[in-house]
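First comes the structure, then the notes that go with it.
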């Protein structure tokens, strides 16, 4: 079963043109330079995009002009929350003290490969965005965070940082840090905890408006893709960004497609492209039954909704989510209940272990799903699952349990008739087939201990 | 000024004293961790809620002023 490997990612990133064709429009895309030159070096980057429009010394109106361009572009964060990027810039910009800008390239989502593609193929676009945002904030430090178990991503970052060091393209110094490789380590309060020499686990923030700090200085955490978009908006203008996508959700987005498809990989698509046409390009291996949207803490969407535009609002209407830009295709030759059980087991193991409802609740949910998946006759199974999922929802310091709750609820709805059959002791024939999920996350359905 | 109960889920270790003192506002999940609904604490229970906050061995049970409208 194909899964997104580094080579596949590079190939598909290169082979699949963005959603529009003209050369001028292609220039303002994330992967255009890579498609044209297949080279990630600084000279190639500058030849293709020109220099980033960093502020001249003493230009006091530049930060506001930059923030205004980002605001006009309508860019939203691409790490999962889809929060307006300009609002985030302004919130931190107004706090006291010289901020730190953190580039989140943790790729904690196992089915995502976009950080890898960005930092291997177009690292300088990400670093341009980081320098621009840092300059707009008056930041004195940029920290790129790459998970400790990702030497492949690290290599691209280190090479690119060295190429710019000491030049006018690095007015704010860049350092690279390697927080622990864990699903929740990329959550922003967890990243900041680690940068504060803490354990790198999420913190409890009853009031999310309280800004995160390193020491006493404010921090702004942006996803790598978000920053790369900022570099394009600063160069080509908000209107070029808005020329693609929809009014509500402008621009392009990186989507990692995997699962039952012949060509898994990272695709740059215009926001608003239908789910079906995104998936069609990856050549499903059989009829599509459902799609996991938004990653492991995302939501299953039925194949009946494949004509839904890929964008936060339309997807929400059919129970889906853009999240960090992940689609996992489930064909009719796979079992949604078994895959959901595997997802839940993985997510239970990725809890930071801090909050009781997550520590005890997620394994209980995973157990319930595992017994359902193998077809243990239990008329109460679905009701108990629904109750447990409601119990964990919203009861952790971070949103890890909420994501699991959402994903499991969507499974019980999208695969409702399958779930009923499993609960009646009649599991579907594909329950024991190989999983479509990345091999690194697959554990036995029912724990042997 | 109305108050609301918040539980710090990281600090909480399921001692359960809060649910004993305040069964009207706190229920326990199947693992013994408190569930609160975030609504305003009625005036006649504020004193008990204060005591629950003071008695929590982990200082995880918090009585806070309600924010916003």
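The values are calculated or read from the model by the stated rules, or taken from the named source; none is laboratory data. Note that the coordinates shown come from a computational prediction; the quantities given were computed from them, not determined experimentally. Cβ coordinates were reconstructed from backbone atoms using ideal geometry, including for glycine residues, and neighbour counts include every protein chain displayed.
Helices (runs of 4 or more DSSP H) fully within the range A:273-361 that include at least 3 residues being touching a residue at least 12 places away in the same chain (Cβ under 8 Å) and over 15 Å from residue A:256 (Cα atoms): A:312-317, A:336-349.
Within the range A:22-35, does at least one residue satisfy the condition of being modelled with pLDDT under 85 and either in contact with a strand residue (DSSP E or B) (Cβ under 6 Å, 6 or more places away or on another chain) or in a loop (DSSP other than H, G, I, E, B) (or both)? Scanning the range A:22-35 turns up at least one residue that is modelled with pLDDT under 85 and either in contact with a strand residue (DSSP E or B) (Cβ under 6 Å, 6 or more places away or on another chain) or in a loop (DSSP other than H, G, I, E, B) (or both). For the range A:351-379, a residue qualifies if it is surrounded by fewer than 21 Cβ atoms within 10 Å (Cβ to Cβ), more than 14 Å from chain B (Cβ to nearest Cβ) and farther than 11 Å from residue A:422 by Cβ, and exactly one does: A:379.
You will find that of B:65, B:59, the residue that is within 13 Å of chain A (Cβ to nearest Cβ), touching a residue at least 40 places away in the same chain (Cβ under 8 Å), out of contact with any strand residue (DSSP E or B) (no Cβ under 7 Å at 6 or more places or on another chain) and farther than 21 Å from residue A:393 by Cα is B:59 and no other. Taking the range B:27-44 as the range and being in a loop (DSSP other than H, G, I, E, B), away from every other protein chain (no Cβ under 13 Å) and either out of contact with any strand residue (DSSP E or B) (no Cβ under 9 Å at 6 or more places or on another chain) or surrounded by 15 or more Cβ atoms within 10 Å (Cβ to Cβ) (or both) as the test, the residues that pass are B:41, B:42.
For the range A:54-70, give me the residue count where each residue is over 21 Å from the mean Cα position of the chain (by Cα) and in contact (Cβ under 8 Å) with a residue 60 or more places away in the chain. Counting residues in the range A:54-70 that are over 21 Å from the mean Cα position of the chain (by Cα) and in contact (Cβ under 8 Å) with a residue 60 or more places away in the chain gives 7.
Among residues of the range B:14-25 that are on the phi > 0 side of the Ramachandran plot, those with a Cβ under 8 angstrom from a residue that is in a loop (DSSP other than H, G, I, E, B), sequence gap 6+ or separate chain, pair up as B:14/B:31; B:14/B:32; B:14/B:33; B:16/B:32. Of the helices (runs of 4 or more DSSP H) lying entirely inside the range A:94-198, those containing at least 2 residues that are under 26 Å from residue A:38 (Cβ atoms) span A:114-121, A:123-137, A:151-164.
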